[in-house]
Every structure is written in structure tokens, then in C-alpha cells.
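Q: Could you have a look at this structure, given as C-alpha cells, before my questions?
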Amino acid sequence: MTSASQWKKRGSAWSAAARTPVGACSVTLLVALAALAVLGPVLWGEQAAAIDTNAIGQGPSGAHLLGTDSLGRDIFYRTLVATRFSVELAAIATAVGVTVGLVLGTLPSVLPRRAGRLITSAVDIAVAFPGLLLALFFAVVFGVGTRGAVLAIAFATAPGFARLAQTLAASVAGRDYVSAARIAGVGRLRLLVRHVLPNIGEPLMVNATISAGGALLAFASLSFLGIGVQAPRYDWGRLLGEGLDGIYVNPAAALAPGAAVVLAGLAFNLVGETVAAVVGVRTPTARTPARPAPPARPAAAEEPGVELVLSVENLQVAFPRPDGWTVPVRGVSFTVRGGEAIGVVGESGSGKSLTGLAVSRLIETPGVVTADRLEFAGTPLLTASERELRELLGTSLAMVFQDPMSSFNPTRRIGRQLAEASEQHHGLNRREAFARAVDRLREVRIPAAERRARQYPHEFSGGMRQRAMIGMGLMGEPKLIIADEPTTALDVTVQRQVLRLLARTRETENAAILLISHDIAVVAQTCDRMLVMYAGRVVEDLPTADLRSVPRHPYTRALLAATLELDTDRDEPLAVIPGRPPEPDQVPEGCAFAARCPAATDRCRSEDPVLERVDRAHRVACWHPNGAVAPDSDRETAYGGAE
Ligand SMILES: Nc1ncnc2c1ncn2[C@@H]1O[C@H](COP(=O)(O)OP(=O)(O)OP(=O)(O)O)[C@@H](O)[C@H]1O
């Protein structure tokens, strides 16, 4: 979709929202409020200030619509003129509150963890207090008067915003384009400013608008109590307080500013609601469980010493749950040599993606990654400093995600997103980095690369975005490309182009590839070796050339039998693997596949098999890798495959 059509779509959403009852009310109220704020003091400033000692404390009359105050000034004009000051003060207090809140809310993601936690705890405590109580407290601290009241209301608004910003930032932090930027080595502050803030702007705007209504009310309350605006200046709160003194003589003197506060507050709230309806804002909730040490699992077999790009030994990924830990990756071990292409296959939930994310150091707190060894290009990733990691991963590791739509920041041009890493790591200036980005886009066969580099992600097709993502990986000199289901969201022809591009990149750049896929056929065509994962572990590691002849694990054979190929007899029902893999927190004793395995014995149900070498390039975790042992039940073997 082009940006013009996007704007058109947005425009029609706005006009549709304005035609709803809420939308129409909010537009009318807002226009009236803005007109009064701008024109009120100009048109009626003099009448509002005119003192008439002959008309002190009068009730409504033809000359004075809402009566007069204790100096004979016209209350109707004063209420109209007070609009500007009341709205101005509420807007300033909200702006200061939102800014302070935004800083407090986003600081934890740039500061060291301990300092960040301190701020988060302070915000949590402040959020627990009612806003008006906080405003009163701060009003006393900052002193009586307009400035004190502005600061008091701003500081009372800030904690709510800080919490909202934290939650929104956390919800964006897991998006692919943020992961991609992190992999490209983009620093925390830049990540925040360029990738997180632009994408949480809309919900923050909506909440700021609604908060302005609250600020207006809070201001009126402080002025009413005599600790806000001081005479001779006046806002609605002050007029309300003055009107209340003579409420029995002239109730309109108090009711008019009161009604003005209510109507203006309503205008802000309704505008907020209308904006929320158009931009589709929903506020996610945060989650911070406790974190004890995850359980240990046995290490798997070791690869003989070759020059390795990646060396993973006993990798575990654990997440806290209210009642303990769930460990979806339970001791994965494998190695990747330079230029080698390895496929990772397995059913959904087997831990493929988490393994890729753990290798890229993209598992976020509260997730915990442990390993006996996790080395990339000779650097231990678990003990490396953040700076080392940024340098190393930013230049040598590329990541291609499943959803090409979410892989790029929607608010930034493609070329700039590619260039970002080069500005950071290669010391290139903006122009040079952009030129390199264009060159890389050309390299991945993006037509009219120069023009395309200036376009936004939504102007690219899915296949082009995926190629651009690979191009982003090529901004450095990647030693390893981790591609997580890179073709799942694409149609078949585009799938082939992307796979071909990956293969070409591997050749030209001598980059190793870790291709995560549930499509065994794709892996067989593209990779040298295949890791078969089941319930968070590698159960077989074998050359793809041997796929047809020597898979040893019953699960691998089952996966192969369930793969649809061109030569599959379409009249025969496709083999299926009976049952479902266990949930990560319900993995049984013994071999996790035993319950679905036609050859399972008592030993399989009680002892967990270790991944062991069966020949030079082949490892398998099975007690009966040759399929020689008869099953201990009368079940028929459900799957084909060579024995
Ligand atoms: N943040 C998390 N907290 C708790 N559990 C998680 C988290 N992320 C993933 N999991 C669980 O870990 C398991 C493995 O997830 P993973 O995404 O690695 O699977 P996968 O093999 O890549 O599956 P798919 O092919 O569907 O992407 C799943 O059961 C998933 O529910």
C-alpha cells in the first residue's frame, strides 16, 4: 500500500469517527473550547474586568446574565474569559507530567538494571496513591500559587504515565524490528528514541488527552481550595470558590464555572476516546514474576574440535511461572562450522525459535538463558560485556524473522534502518551508510534500490521486505545468519527466491546459516545438516544427504513420513504422528517422545536418552536408535522410513 492510500485510509477513519455520536460531541465541544480560549479574552476581557460598585453581588438580570461578584464584575464574561487560562494551565501541567512520566518510564530500559529497578519501584509506590492526594501533597511542597499548582499536578500525573510508558515500551521491546535493531548492535538510547518511542506515541497521545481533562479538574480543585491560582488572576476553580461564598444569593455564580469545568473535562475525555477508537489503542498489562534458579538437565554429546562459528552446549531457556519454572529449551547442544547450513526442524513448540533467540541473546528478562558453553566466533556470549556483544553481534550475526511485516520499524525508511548499523559499527557518516544500504539492497536484488531505500516498509512487498532483511544482515560481514521460518509468510515462488538468496549469500559471504523451519523438505533442499528438536531438546543431528537412508530416531522418521512431497501418492492418507508433544512444563520422565513412540520400552519411559554419536556426523538421543528392539506393546509401527 502506498503512503497516499494509507493517509487516505486514516483520513476516512477520522471522518467516520467524527460522525459517531461520541465523535460529533467531542468535535463540537473541542471546537467551542478552542474558540472560547482564543477569542474569550480578546472579545470580553474588558467587560470581565470592569468593576461596578453599583452592582455588587447581584443575581442574574438582563444586564448581567449570571449576576455579578463581590466587586460588581460580570460573572458570565469572567467565566468565558477564564477558559483560556484554565485550559492553558491544564495543558502545561499535562505536558510537564507526560514528559516527566515518559522520562521515568523509559529510563529503566537505558539505565543499568539496579538503577532501573529503583526507578520502577518508586513509580510503583507513587502509582498506588490517588492522584488528587499526590497533587495536594506536591502543592504544599512547591508552595501556594499558579506555578506550584502546575508542578503539583504535573508530578501527580507523572507516575501514571511512567507506568504506561514502561508497559508500552515492554510490549514493543519484543517486536521483531526491535530485535533486528538490537542484533544490528544499535545502542539502548538510540533503540529507545528511534524504535520504541515512535511506536508507542499514539497510545501515549490518547492518554495525555484524557489526562488533560483530569488536570483541568485537579487545577479547579486546587484553585477552589485557595492553593492554586491567586488573585487578581482567575481560572474556573477560583471563580467556583468565589461563587460558593454567595451561593444562597446567586447560585449561578458557582454553577457556571462548575459547568465549564465539567464540559471542558468532558471535551478532553471524549476527544481521547475518539482518538483511541481511530488508532485502535489497547493498553497491555505488565508481568514481573519471581526468579529462582532454573533446574539443570544433563549435557549432551560434544562435537570434535573444528573451527567453529557457533558452539552451543547444554543450552537451556527458562521462564518463571507463578508456581515455578517452565523450561522450553532443555539442554540443547550443537555446533555450526563456517559456511555450513544447518536446518532446525520439529513440531510447533519444540523450542526452535527460542534456541535461535537465545543464540542471538534476544531472550528478554524474566526469561533466563544458561549454557555450559555458548560461543559465537570464539566469544563466550553469556559472559561478554554488553559492548562486546553489540560489536560482535552487530557486525557478524544476521537475523531474519518469520513475519516480514514486523521485521522493520514501520515509522522509518528502509534505507535508514539498514544504514543504522553501519553508522554505529563502521564509523560511516549518514551519507556513506545510506550508500552502503543502497548497495546492499542491490545485492539482494531489490529493483530500483536507490528509490526503494527511501520508501517505508509498508511500500515493500512481503518478499522484498524479507530480502531487505537479509540485506540488513549483509551491512556487516555476517559469519552466521539465523533465519527463523523466513519463508512461512510468503507464497511459493517468493519462498524459492528467498531461499535461493540465502544460499547465494552463504556462497558469496561464506556465512553459515541456521535455518529454523517446520518444513523438512525446505531444510533437506537447503541445508547440509539437520537438527531435529522435540520437547526442547535435539533428538537427532544428521546430514541431510542421509535423510532418506539413515534417520535413526523414530521421531525423525515420523516427521519424514508426514512430509508431503511431489512423489507422494495423493490417494494414500498422509501419515500423521499420533498424539501431541508435551507442554514444556509437563515433560514426562524418561524420553519425552516415549508416549508417541511405537518402539518405546520401559527404559524409554524411565530414563532420558542422551544425544550420542552413532557415527562421525550423526548423533541421536534414543535408546533404540537402530529400531532393533521390539516394542513392548502390540501397537503397529505407525511410520515408514528405513530401519
Ligand atoms: N516468553 C515465554 N514465556 C513462556 N513460555 C514461552 C515463552 N516463549 C516461548 N515459550 C514456550 O516455549 C515453547 C517453545 O517455543 P518456540 O517459539 O521456541 O517454539 P517453536 O519450536 O519455534 O514453535 P513454532 O514453530 O510454533 O514457532 C512453546 O511451548 C512456547 O509456548
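Just so it is clear, none of the values below were taken in a lab; they were calculated from the coordinates. Quantities reported herein were computed from a predicted structural model and do not represent experimental measurements. Here the Cβ positions follow ideal geometry from the backbone for every residue, glycine too, while neighbour counts run over all protein chains shown.
Q: What's the Cα-based Rg to Rh of the range 308-527, Rh via Kirkwood?
A: Reported Rg/Rh (Cα atoms, Kirkwood Rh): 0.97.
Q: Which angle from 0 to 90°, rounded to the nearest 10, does the C-alpha axis of helix 386-396 make with the longest principal axis of the chain?
A: Tilt of helix 386-396: around 60 degrees.
Q: For the range 411-421, in order, what is each residue's ³J(HN,Hα) by Karplus, 6.51 cos²θ - 1.76 cosθ + 1.60 with θ = phi - 60°, in whole Hz (x at glycine and Pro)?
A: Karplus-based 3J(HN,Hα) across the range 411-421 equals 8, 10, 5, 4, x, 5, 5, 5, 5, 3, 5 Hz.
Q: So, in Å, what gap is there between the alpha-carbon centers of the range 576-612 and the range 307-334?
A: 18 Å
Q: With charges set only on the Cβ (+1 for Lys and Arg, -1 for Asp and Glu), what does the dipole of the chain come to about its Cα centre, in debye to the nearest 20?
A: Charge dipole of the chain: 1800 debye, to the nearest 20.
Q: If you line up the long axis of helix 236-245 against the longest principal axis of the chain, both from Cα atoms, how many degrees apart are they, to the nearest 10?
A: Approximately 40 degrees, to the nearest 10.
Q: Then there's this: Could you give P(r) for the range 82-279, binned at 10 Å from zero, as whole percent values over all Cα-Cα pairs?
A: Final binned percentages: 9, 31, 30, 18, 8, 3, 1, 0.
Q: Same structure, new question: In the chain, if the dipole is taken from +1 on Lys/Arg beta carbons and -1 on Asp/Glu beta carbons about the Cα centre, which of 263, 581, 357 is farthest to the positive end?
A: Positive-end residue among those listed: 263.
Q: Sort 470, 153 by Cβ crowding within 10 Å, fewest neighbours at the top.
A: Fewest-to-most Cβ neighbours within 10 Å comes out as 470, 153.
Q: A follow-up question, please. Could you compute the FRET efficiency for residue 141 and residue 518, with r as their C-beta to C-beta distance and R0 at 51 Å, rounded to 0.05?
A: The value I calculate is 0.30.
Q: Let me ask something additional. Evaluate Rg over Rh across the chain, taking Cα atoms for both radii and Kirkwood's formula for Rh.
A: That ratio is 1.12, to two decimals.
Q: In Å, what Rg and Dmax follow from the Cα atoms of the range 155-252?
A: 21.5, 72
Q: Taking R0 as 41 Å, what's the FRET efficiency between residue 458 and residue 24 from their Cβ-Cβ distance, rounded to 0.05?
A: The calculated FRET efficiency here is 0.85.
Q: If you don't mind, another one. Tell me which residues come under 5 Å, amide H to amide H, from residue 538 once H is placed; ignore anything under 5 positions away on its chain.
A: So residue 538 has HN proximity to 333.
Q: In degrees from 0 to 90, rounded to the nearest 10, what is the angle of the helix 21-49 Cα long axis to the longest principal axis of the chain?
A: Long axis of 21-49 versus the principal axis of the chain: about 40 degrees.
Q: Radius of gyration and Dmax for the range 333-464's Cα atoms, expressed in Å?
A: Final numbers for Rg and Dmax: 16.9, 47 Å.
Q: Mind ranking 316-328, 65-77, 340-352, 14-26 by how tightly packed they are, going by the mean number of other C-beta atoms within 10 angstrom, highest first?
A: 340-352, 65-77, 316-328, 14-26
Q: Between residue 373 and residue 248, 0.36 nm times their residue separation minus their Cα-Cα distance comes to what?
A: 36.8 nm
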